[in-house]
Amino acid sequence: MRISLFIICLLTFGNLFSQVTIKEDPNVSRIMNAYETFNKEEPTVRGWRIQILTTNDRSNMEAGVKRFERLYPHIDFKWEHNPPYYQVRIGAYEKKAELEAFLLELKQEFPSAIPVQDDIQKTEILKFNAQ
């Protein structure tokens with residue numbers, strides 16, 4: 001008896017909710033369309049990486065990269081030469097708070113590791129978070 005009463009109530013309320021229509025203001029629609037278009041056209045976002053090494057000696061950079069690859073073989077890295085420095089960066093984080101726990105772990109092997117802002121491909125953030 002209780003179950004059939006519950007089902008009747010559920011069907012009655014379900015019909016009430018299915019008749020709700022939402023009319024969006026044309027200005028809201030226009031702004032949302034512009035926002036969506038901009039985000040589809042812009043492939044990068046300002047995000048965060050962890051810079052594990054900065055050195056002006058290429059052989060030190062290569063040794064650091066080998067050590068990182070041995071410790072974290074599943075994590076991609078990038079290195080750049082911004083004369084006179086070689087910089088090794090890892091990760092792709094949208095928010096700084098997302099990298100804090102891993103940064104603490106990395107500092108055990110790479111004490112000079114710091115968070116740095118970078119322009120990051122949106123697809124790279126998605127790929128890194130899936131790892």
Which residues, counting only those in the range 56-65, are charged (D, E, K, R) and surrounded by 13 or more Cβ atoms within 10 Å (Cβ to Cβ)? E62
For F68: the one exception among (1) surrounded by 14 or more Cβ atoms within 10 Å (Cβ to Cβ); (2) part of a strand (DSSP E or B): (2)
Where residues in the range 77-97 are surrounded by fewer than 17 Cβ atoms within 10 Å (Cβ to Cβ) and touching a residue at least 40 places away in the same chain (Cβ under 8 Å), which of them is farthest from I52 (Cα to Cα)? K95
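Let me confirm something: among E24, E105, E100, which residue is more than 25 Å from the chain's Cα centre (by Cα), of a type in the set (D, E) and more than 20 Å from Q121 (Cβ to Cβ)?
E24
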Output the number of the condition that F110 fails; it satisfies all remaining conditions of (1) of a type outside the set (S, T, N, Q); (2) modelled with pLDDT of 95 or more; (3) within 27 Å of K40 (Cβ to Cβ). (3)
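For (1) part of a strand (DSSP E or B); (2) at pLDDT 95 or above; (3) not assigned by TED's automatic domain parsing to the domain that holds A97, each residue gets a yes or a no:
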{"site": "W48", "(1), (2), (3)": "yes, yes, no"}
{"site": "I52", "(1), (2), (3)": "yes, yes, no"}
{"site": "M61", "(1), (2), (3)": "no, yes, no"}
{"site": "G64", "(1), (2), (3)": "no, yes, no"}
{"site": "I75", "(1), (2), (3)": "no, no, no"}
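Residues being part of a strand (DSSP E or B), among the hydrophobic types (A, V, I, L, M, F, W, C) and modelled with pLDDT under 95: count how many of those fall in the range 113-128.
We begin by selecting, within the range 113-128, every residue part of a strand (DSSP E or B); these are 114-121.
Pick out the ones that are also among the hydrophobic types (A, V, I, L, M, F, W, C) and you get 114, 116, 120.
Of the ones still in play, those that are also modelled with pLDDT under 95 are 120.
Qualifying residue count, the range 113-128: 1.
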The residue that is farthest from the chain's Cα centre (by Cα), considering only those in the range 77-97 that are part of a strand (DSSP E or B) and of a type in the set (D, E, K, R), is E80
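The values are calculated or read from the model by the stated rules, or taken from the named source; none is laboratory data. Quick caveat, the model's predicted, so the values are computed rather than measured. Backbone-built Cβ (ideal geometry, glycine too); neighbour counts: all protein chains shown.
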